[in-house]
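K.L.:
Please see the structure below; I have some questions.
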Amino acid sequence: MDNGIVISSRVRLARNFAGYPFPAHLDSEKSLALTQKVYEALGKGEEKFSIVRISDMGKQQGEALKELHLISDDLLRINKYSAVIVNKSNDVSVMVNEEDHVRAQCILPGNLLAEAYEKISDVDDMISAGNNIAYSPSLGYLTACPTNVGTGMRASAMMFLPGLSLTKSLEKCIGAVARFDMTVRGEYGEGTSSEGYLYQVSNAKTLGLTEKDIVSGVSVAVEQLEKNEITARQLLLEQKGTTLRDGIMRAYGVLTNAYTLTTKEFMDKLGLVKLGVWYGFLNCDDVSKLDELAKDCRPANMTLKSGKNMDSEERDVYRAEKVAETLSTLVRKTKN
């Protein structure tokens, strides 16, 4: 049964075309040629892909795609001829001319690392077919950053870890997984903080391992963190049950009654509401709808969907209205 701890699974592959400089040093002609090569390769498959060029992308659209983890900051700033190619279901995105010529990734909901790997491997095969990919027999795939040399793979899971966070046990767990060449970071990767108790767990090593080794290693780390999280939640309930429940219900009260909500306050309090559902303090028939709400209430996505030009204060008021309205239909207090 899905316990909501693993929010999503992602596998990303970095690839480069032999004979071309890395994107930061590409001229316009070669940049555009690479984009066309990748787009044509993907067009030969059964899935339909659409392309968005950075030069045609407004700032708000770029921020919205970043919030959904479909593109990175590097895609927007390294090469003005960059592009992103996305499938219809938005679970596969291929960044062209980011730090590497190709950063192809698959993101699936829940604990589906093996399935994400299988899907992005098919995409990788399409791009590689008929193209000369930079590869060394001794090192593996050659990448702009030495830390990606080898498989060029990052496998990761987005995990919801309020128990470990609130019991101050997360740092110890991070140290434990680090011994197995795994890393735990904030939601948006290296150098980012966590909001809503969301963390990325991924491999730190790409050289000297097979792709399947990496998927297996990350899966083991995720499984261990999942067990530790459940233990931490049980400990919280035993030691601080009244305080815990009060904090959760206060968070629910704020989200359903506040006049303004910043992104951070919303994410942190929504995390507590989700925890309350897990404990049974609150009822919610479909917790995935709460994760969708979190995406919809990110600043850029919310602005685009509203169709309004809002400053930060207006956005916080609009967010509070949307959250209160949505939670009133999704979440109910239990009687006990």
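K.L.:
Hey, among Pro162, Pro137, which residue is farther than 22 Å from Glu99 by Cβ, buried (at least 19 other Cβ atoms within 10 Å of the Cβ) and not hydroxyl-bearing (Ser, Thr, Tyr)?
P.N.:
Only one candidate qualifies: Pro162.
K.L.:
I'd like to know if segment 113-120 contains one or more residues that are touching a residue at least 40 places away in the same chain (Cβ under 8 Å) and farther than 22 Å from Leu42 by Cβ.
P.N.:
Scanning segment 113-120, I find at least one residue that is touching a residue at least 40 places away in the same chain (Cβ under 8 Å) and farther than 22 Å from Leu42 by Cβ, so the answer is yes.
K.L.:
If Leu207 satisfies all but one of (1) in contact with a Phe, Trp or Tyr (Cβ under 7 Å, 6 or more places away or on another chain); (2) outside any helix (DSSP H, G or I), what's the number of the condition it fails?
P.N.:
Condition (1) is where Leu207 drops out.
K.L.:
Starting from residues that are closer than 18 Å to Leu34 by Cβ and either within 17 Å of the chain's Cα centre (by Cα) or not assigned by TED's automatic domain parsing to the domain that holds Asp27 (or both), keep the ones in segment 54-84 and report whichever is surrounded by the fewest Cβ atoms within 10 Å (Cβ to Cβ).
P.N.:
The selected residue is Asp74.
K.L.:
In segment 1-22, what count of residues is obtained for those that are in contact with a helix residue (DSSP H, G or I) (Cβ under 7 Å, 6 or more places away or on another chain) and not polar (S, T, N, Q)?
P.N.:
Residues flagged as in contact with a helix residue (DSSP H, G or I) (Cβ under 7 Å, 6 or more places away or on another chain) and not polar (S, T, N, Q) within segment 1-22 amount to 11.
K.L.:
Can Lys37 be described as over 24 Å from the mean Cα position of the chain (by Cα) and under 29 Å from Gly130 (Cβ atoms)?
P.N.:
So Lys37 passes the test.
K.L.:
Looking only at segment 143-165, count how many residues are under 18 Å from Phe22 (Cα atoms), out of contact with any Asp or Glu (no Cβ under 7 Å at 6 or more places or on another chain) and not in a strand (DSSP E or B).
P.N.:
So in segment 143-165, the residues under 18 Å from Phe22 (Cα atoms) come out as 143-153.
Checking the rest, the ones that are also out of contact with any Asp or Glu (no Cβ under 7 Å at 6 or more places or on another chain) come to 146-150, 152.
Next cut, not in a strand (DSSP E or B) only: 146-149, 152.
Within segment 143-165, residues that are under 18 Å from Phe22 (Cα atoms), out of contact with any Asp or Glu (no Cβ under 7 Å at 6 or more places or on another chain) and not in a strand (DSSP E or B) number 5.
K.L.:
Is it true that Leu68 is closer than 30 Å to Asp285 by Cα, of a type in the set (A, V, I, L, M) and touching a helix residue (DSSP H, G or I) at 6+ places or on another chain (Cβ under 8 Å)? I'd like the intermediate steps shown before the answer.
P.N.:
Values: closer than 30 Å to Asp285 by Cα: yes; of a type in the set (A, V, I, L, M): yes; touching a helix residue (DSSP H, G or I) at 6+ places or on another chain (Cβ under 8 Å): yes.
Yes; evaluated as a whole, the condition is true for this residue.
K.L.:
Which condition from (1) of a type in the set (Asp, Glu); (2) farther than 24 Å from Asn131 by Cα; (3) in contact (Cβ under 8 Å) with a residue 12 or more places away in the chain is the one that Glu47 breaks?
P.N.:
The one condition Glu47 does not meet is (2).
K.L.:
Confirm whether Asn79 is in contact with a helix residue (DSSP H, G or I) (Cβ under 9 Å, 6 or more places away or on another chain), under 30 Å from Tyr197 (Cα atoms) and polar (S, T, N, Q).
P.N.:
No; evaluated as a whole, the condition is false for this residue.
The values are calculated or read from the model by the stated rules, or taken from the named source; none is laboratory data. Quick caveat, the model's predicted, so the values are computed rather than measured. Virtual Cβ from ideal backbone geometry, glycine too; neighbours counted across all protein chains shown.
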